[in-house]
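Here the structure comes first, spelled out in structure tokens, and everything after it is commentary.
The values are calculated or read from the model by the stated rules, or taken from the named source; none is laboratory data. Bear in mind that the values here come from a model prediction, so they are computed numbers and not experimental data. Ideal geometry is used to build each Cβ from the backbone, glycine not excepted, and the neighbour counts take in all protein chains shown.
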Amino acid sequence: MTRSSEGLTPNYDPAAKLAESTCITVFCDFDGTYSVQDVGSSIARKYLGERRTELWDRYEQGIVDAWEYNVELFTGFKLPPADLHAFLETIDLDPGARELQAWCADNNASFRILSDGFDYNLDWLQRHNGVTFDYMCNHLEYTGVAADEWQIAPGGRNASCDCGTGTCKSQIIRAQSKQRPGAFTVHIGNGRVSDLCGAIEADLAFAKDTLAPALQERKQPFEPFETLVDVVDQLSALVSEAQALRAG
């Protein structure tokens, strides 16, 4: 497995850790990772540009956290389901999305999407693309004053984590590690806001976009990638290394 020296701590050896593990658990971000585009951000840019800019300034100042930002952004937001579906049709899956899930199935590794996005969108995109995955994320439904008004709820807030998101990924990975103490945990993501805590919590992190420099700043180890095809190649190499270590 070829590793970048950037962001890595001395003695960083995931192969040795994997060689001692009993199974692999892969957690993958959705927006900008499993999918090419970020669904929520794309919707906000298209329909809520001015409000988004205003709220982002408040987020950067620490006045609101990530989930509070979403609540204020989408409260009262009206978008007919048909328009949302038309928008979701423009969302592409990463070229390695299906390949990653196939790799997990072939290697008896569990696979789960962790997203700070919304279940309504994930369900629709699964049906549209003919894919199936387990996931944990926030909730969206159309039950407002008008039939086209969004109502949202967090999927798993964590007051003790600095991420401030609706679905704290480190909390989920930590709980999984307690349930399966022999598991080797992998987190794949691209965003410094919703993915950072999960990347730090996992045994191995794959990072790109804003997540990569955020991990570098904290001197946290990670593997760089561009698409999930790269992740599959690196995981395959890692498994081979671990098998060689076990064989001694």
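Residue check, Leu125 against (1) in a strand (DSSP E or B); (2) under 14 Å from Asp31 (Cβ atoms), all met but one. Which one?
The failed condition is (1).
When both residues are 6+ apart or on different chains and their Cβ atoms are under 9 Å apart, which pairs have a first residue that lies in the range 148-164 and is closer than 19 Å to Leu211 by Cβ, and a second that is surrounded by fewer than 16 Cβ atoms within 10 Å (Cβ to Cβ)?
Close Cβ pairs (under 9 Å, with a partner that is surrounded by fewer than 16 Cβ atoms within 10 Å (Cβ to Cβ)) amount to Gly164/Glu68.
Surrounded by fewer than 23 Cβ atoms within 10 Å (Cβ to Cβ), closer than 20 Å to Gly96 by Cα and without any contact (Cβ under 8 Å) to a residue 60 or more places away in the chain, is that true of Glu217?
Answer is no for this residue.
Being modelled with pLDDT under 95 and surrounded by fewer than 16 Cβ atoms within 10 Å (Cβ to Cβ) narrows it down to one residue among Arg45, Arg98; which is it?
Among Arg45, Arg98, only Arg45 is modelled with pLDDT under 95 and surrounded by fewer than 16 Cβ atoms within 10 Å (Cβ to Cβ).
Within the range 58-78, how many residues turn out to be assigned to a loop (DSSP other than H, G, I, E, B) and either over 15 Å from Gly164 (Cα atoms) or free of Cβ contacts under 8 Å to residues at least 40 places away in the same chain (or both)?
Count: 7.
The conditions are (1) small (Gly, Ala, Ser); (2) touching a residue at least 60 places away in the same chain (Cβ under 8 Å); (3) loosely packed, with under 14 Cβ neighbours inside 10 Å, and Gly32 fails exactly one of them. Which is it?
Here Gly32 clears every test but (3).
Could you look through the range 159-214, keep only residues that are touching a strand residue (DSSP E or B) at 6+ places or on another chain (Cβ under 8 Å) and among the hydroxyl-bearing types (Ser, Thr, Tyr), and pick out the one that is nearest to Gly96 (Cα to Cα)?
Here the residue is Thr185.
Could you list, ordered by first residue, the pairs with Cβ atoms under 7 Å in which the first is in the range 103-121 and free of Cβ contacts under 8 Å to residues at least 40 places away in the same chain and the second is of a type outside the set (Asp, Glu) and outside any strand (DSSP E or B), at least 6 apart or interchain?
Nothing qualifies.
Helices (runs of 4 or more DSSP H) wholly in the range 141-242 with at least 1 residues that are of a type in the set (Lys, Arg), under 18 Å from Asn70 (Cβ atoms) and within 12 Å of the chain's Cα centre (by Cα) - which ones?
Answer list for the range 141-242: 169-179.
Among the residues that make up the range 110-122, is at least one of them of a type in the set (S, T, N, Q), more than 28 Å from Val229 (Cβ to Cβ) and either touching a strand residue (DSSP E or B) at 6+ places or on another chain (Cβ under 8 Å) or surrounded by fewer than 20 Cβ atoms within 10 Å (Cβ to Cβ) (or both)?
No: the range 110-122 contains no residue that is of a type in the set (S, T, N, Q), more than 28 Å from Val229 (Cβ to Cβ) and either touching a strand residue (DSSP E or B) at 6+ places or on another chain (Cβ under 8 Å) or surrounded by fewer than 20 Cβ atoms within 10 Å (Cβ to Cβ) (or both).
I need a count of the residues in the range 175-194 that are of a type outside the set (A, V, I, L, M), within 18 Å of Pro14 (Cβ to Cβ) and modelled with pLDDT of 95 or more.
Adding up the residues that qualify gives 4.
Based on what the data block shows, is Glu50 exposed (fewer than 12 other Cβ atoms within 10 Å of the Cβ) and either in a helix (DSSP H, G or I) or touching a Phe, Trp or Tyr at 6+ places or on another chain (Cβ under 8 Å) (or both)?
In short, yes.
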